[in-house]
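Novice: First the structure, then my questions, so here it is.
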Amino acid sequence: MTAVPLQTRLDPIADWLGGCARGDRSALKAIYDREGSTLLGMATRIVRRREVAEEVLQEAFVQIWRRAASFDPSLGSGRAWVFAVVRNRALNQLRDDRHVPVEDHELEGYAAHDEATEDAFDRLADSDALKRCLSRLDPVRRKAVLLAYCLGLTHGEIAGRLGAPLGTVKAWIRRSLASLRTCMS
Amino acid sequence: MTEDRRTLQDLAGEFVLGLLEPDESAAFERRAEREPAAAAAIAEWRDRLLVLDAAAVPLAPHETLWARIDDALDEPASQAAPGAPPARRPSRLARFWNDLPVLRGAALAGAAATLALAVFSAATYRDAQRQPQVIAVLLTPDGKPGAVVDVFADGSSYVAPLTDVSVPADRIMQVWTLADPAVGPVSLGLLTEDGSARLRPAALPAPKPRQLYEITLEPDGGSPTGKPTGPILFKGFAERPR
C-alpha cells in the first residue's frame with residue numbers, strides 16, 4: 001500500500017490533528033465544530049441514550065487531544081481516525097452499560113432501534129461504493145453486518161436478534177466482509 | 001478454505017466491526033503496532049466503513065459540551081479528576097462478565113417464546129393463583145418475552161421463565177427490582193435450575209405499575225455485592241392485571 005498524499009491534502013482533519021499534537025486548542029475546536037454533531041449521532045446510535053453519548057463524546061475528544069501525535073496520515077484519513085476514537089469509546093461504554101438498569105424509554109425504543117440498520121443503509125448515497133457492495137449481500141447477512149457496525153451488537157446478540165445459530169452468524173459476517181473487500185477493491 | 005482459521009483480513013474486519021472479544025481486540029491492536037500490514041488492514045476497513053458513520057443522523061451537542069471538553073483538557077491525564085470520575089466504571093467482576101459475550105449470546109439465543117405465549121401465560125397465572133398486584137413481562141435484549149414475574153400483596157413473587165436459558169453449572173439467575181432509584185436494584189431471590197420459583201416476601205414498598213424488574217446471570221449463590229453484577233438476561237416493567 002502506498003502513501004496517500006492526495007487524500008491528506010484534501011483532509012483538513014489531518015492538519016488539525018497536527019495542530020492538536022502541537023498543543024493548539026483551536027485545532028481541536030475546529031474538529032469539534034465540523035464533526036461534533038455527526039459524531040454525536042453515531043455515538044447515540046450505539047449507546048442509545050443521548051446524555052450518555054455526550055459523555056462519550058467528551059471523553060473521546062480528550063483522547064483525541066492527548067493521542068493526536070500518534071495519528072499517522074499514511075494509515076488512512078484523519079476523519080477515519082477521529083471517528084474510530086469516538087466509536088471505540090462508544091463501544092466500551094455500551095459494554096460497561098449492559099448491566100445497568102434502564103429507563104422506560106429505552107425499553108420502548110427496542111422496536112424502533114431495530115430499524116436503525118435499514119435507516120443507516122438507506123442514508124448512504126447511491127454513489128457510495130459501500131452501498132453498492134452492501135446491496136449485493138443477502139439482506140439477512142447485510143443486516144448482521146449493520147447490526148454489528150452501526151449498533152455495536154456482539155455476535156451472540158446478533159444471533160439472538162436474527163434467530164440464527166451463533167456459528168452461522170459468524171460465518172455470514174466473515175463471508176460478507178470478504179465479499180465487501182473484493183467488491184470495493 | 002477453513003472456517004476456524006481467520007486471516008489477517010478477517011481479523012481486521014471483525015476488529016473494526018467491534019466483534020472481537022476484548023482480549024482478542026487488545027491483542028490485535030498490539031499486533032498492529034508492530035506489524036504494518038495489520039495496521040494497514042485496519043485502516044483500510046475503517047476507510048471502507050466510514051461512510052456509514054458519516055451518514056448517521058446528526059445531533060447537535062448540548063451547547064455546554066465544548067466548554068466541558070475544554071475544561072477536561074486541563075486535567076492531568078495521569079490523575080483521576082475528582083469532579084469527573086470516568087463514567088460508571090464497572091467492577092472487576094462486571095468486566096469479567098463482559099468478557100464473555102459468547103456466554104451471553106448462548107444464554108439469549110434460546111429466546112424463542114412468542115408474545116402470544118407470554119400473554120397466555122400471564123392470563124393462566126391470573127386464574128390459577130391469588131390475584132397478583134402487578135405482573136411484569138420481562139423481555140430479552142432483542143425484545144422477545146423472556147420471563148413473567150407476578151408480585152403479590154405480601155411482597156412474595158412468582159417467577160417463570162418463558163424461554164430456555166442455558167445457565168452454566170456455576171451460575172444462577174437472580175431476580176431484581178428497582179422500587180426506588182435512590183436505593184438501586186434490590187434482590188428478590190434466586191431461580192432454581194428449572195427456572196420457575198416462588199420467592200419469599202421482600203421487605204419493599206408495595207409494587208407499583210412501571211416498576212422495573214430484571215433477571216441477571218450471577219455467580220452461584222447470588223451476586224456477591226448485593227447489586228447486579230452480571231449480564232441482564234431479561235428486563236421489563238410491571239403492570240396491574242386488568
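Novice: Any chance you could count how many residues in the range A:61-79 are within 16 Å of A:Cys20 (Cβ to Cβ) and within 9 Å of chain B (Cβ to nearest Cβ)? Full working, then the answer.
Specialist: At the first step, the residues of the range A:61-79 found to be within 16 Å of A:Cys20 (Cβ to Cβ) are A:61-73, A:77-79.
From the residues that got through so far, the ones that are within 9 Å of chain B (Cβ to nearest Cβ) too are A:61-62, A:65-66, A:72, A:77, A:79.
The number of residues fulfilling the criteria is 7.
Novice: All but one of (1) touching a Lys or Arg at 6+ places or on another chain (Cβ under 9 Å); (2) modelled with pLDDT of 90 or more; (3) facing chain A (nearest Cβ under 7 Å) hold for B:Glu44; state the number of the condition that does not hold.
Specialist: (3) is the only condition that B:Glu44 fails.
Condition check ((1) surrounded by fewer than 14 Cβ atoms within 10 Å (Cβ to Cβ); (2) within 21 Å of A:Arg50 (Cα to Cα)) across all residues:
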site: B:Thr7; (1), (2): yes, no
site: B:Leu20; (1), (2): no, no
site: B:Glu24; (1), (2): no, no
site: B:Phe28; (1), (2): no, no
site: B:Glu33; (1), (2): yes, no
site: B:Ala41; (1), (2): no, no
site: B:Pro58; (1), (2): no, yes
site: B:Pro61; (1), (2): no, yes
site: B:Leu65; (1), (2): no, yes
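Novice: Could you identify the single residue in A:Leu57, A:Leu17, A:Leu6, A:Leu28 that is in the same structural domain as A:Asp96 (by TED's automatic domain parsing), modelled with pLDDT of 95 or more and within 29 Å of B:Glu35 (Cα to Cα)?
Specialist: Just one listed residue meets the conditions, A:Leu17.
Novice: Can you pull out the residues in the range A:80-101 that are at pLDDT below 90 and either over 18 Å from the mean Cα position of the chain (by Cα) or at the interface with chain B (Cβ under 8 Å from one of its Cβ atoms) (or both)?
Specialist: Result: A:Gln93, A:Arg95, A:Asp96, A:Asp97, A:Arg98, A:His99, A:Val100, A:Pro101.
Novice: Taking only pairs six or more apart or across chains, which ones have beta-carbon atoms under 8 Å, a first residue in the range A:77-89 that is over 16 Å from A:Val52 (Cα atoms), and a second residue that is assigned to a helix (DSSP H, G or I) and of a type in the set (Asp, Glu)?
Specialist: A:Ser77/B:Asp47; A:Gly78/A:Asp15; A:Arg79/A:Glu35; A:Ala80/B:Asp47; A:Val82/A:Glu35; A:Phe83/A:Glu35; A:Phe83/B:Asp53
Novice: I'm trying to understand the selection: among the residues of the range A:159-181, which are under 17 Å from B:Pro141 (Cα atoms) and at the interface with chain B (Cβ under 8 Å from one of its Cβ atoms)?
Specialist: If the condition is that a residue be under 17 Å from B:Pro141 (Cα atoms) and at the interface with chain B (Cβ under 8 Å from one of its Cβ atoms), then A:Ala159, A:Gly160, A:Arg161, A:Gly163, A:Pro165, A:Leu166 are the ones that fit.
Novice: Scan the range B:142-163 for residues that are within 19 Å of the chain's Cα centre (by Cα) and either under 26 Å from A:His155 (Cβ atoms) or in a loop (DSSP other than H, G, I, E, B) (or both) and jot them down.
Specialist: Listed by number, the residues that qualify are B:Asp142, B:Gly143, B:Lys144, B:Pro145, B:Gly146, B:Ala147, B:Pro161, B:Leu162, B:Thr163.
Novice: Out of the residues in the range B:186-242 meeting the condition of being surrounded by 13 or more Cβ atoms within 10 Å (Cβ to Cβ) and among the acidic types (Asp, Glu), tell me which one is nearest to the other protein chains (Cβ to nearest Cβ).
Specialist: B:Glu214
Novice: Tell me which helices (runs of 4 or more DSSP H) are completely within the range B:1-54 and hold 3 or more residues being more than 28 Å from the chain's Cα centre (by Cα), or say none if there are none. It would help to see each step written out before you state the result.
Specialist: Numbers: elements: B:8-17, B:22-34, B:36-54.
So the answer is B:22-34, B:36-54.
Novice: So which of B:Ser223, B:Ser187, B:Ser166 is assigned to a loop (DSSP other than H, G, I, E, B), of a type in the set (S, T, N, Q) and modelled with pLDDT of 80 or more?
Specialist: On the way: B:Ser187 fails: assigned to a loop (DSSP other than H, G, I, E, B); B:Ser166 fails: modelled with pLDDT of 80 or more.
Unique residue meeting the criteria: B:Ser223.
Novice: Evaluate the following for A:Arg45: is it facing chain B (nearest Cβ under 8 Å), buried (at least 21 other Cβ atoms within 10 Å of the Cβ) and charged (D, E, K, R)?
Specialist: It is true that A:Arg45 is facing chain B (nearest Cβ under 8 Å), buried (at least 21 other Cβ atoms within 10 Å of the Cβ) and charged (D, E, K, R).
The values are calculated or read from the model by the stated rules, or taken from the named source; none is laboratory data. The structure displayed is predicted, hence computed values, not measured ones. In this analysis, Cβ positions are derived from the backbone assuming ideal geometry, glycine residues included, and neighbour counts consider all displayed protein chains.
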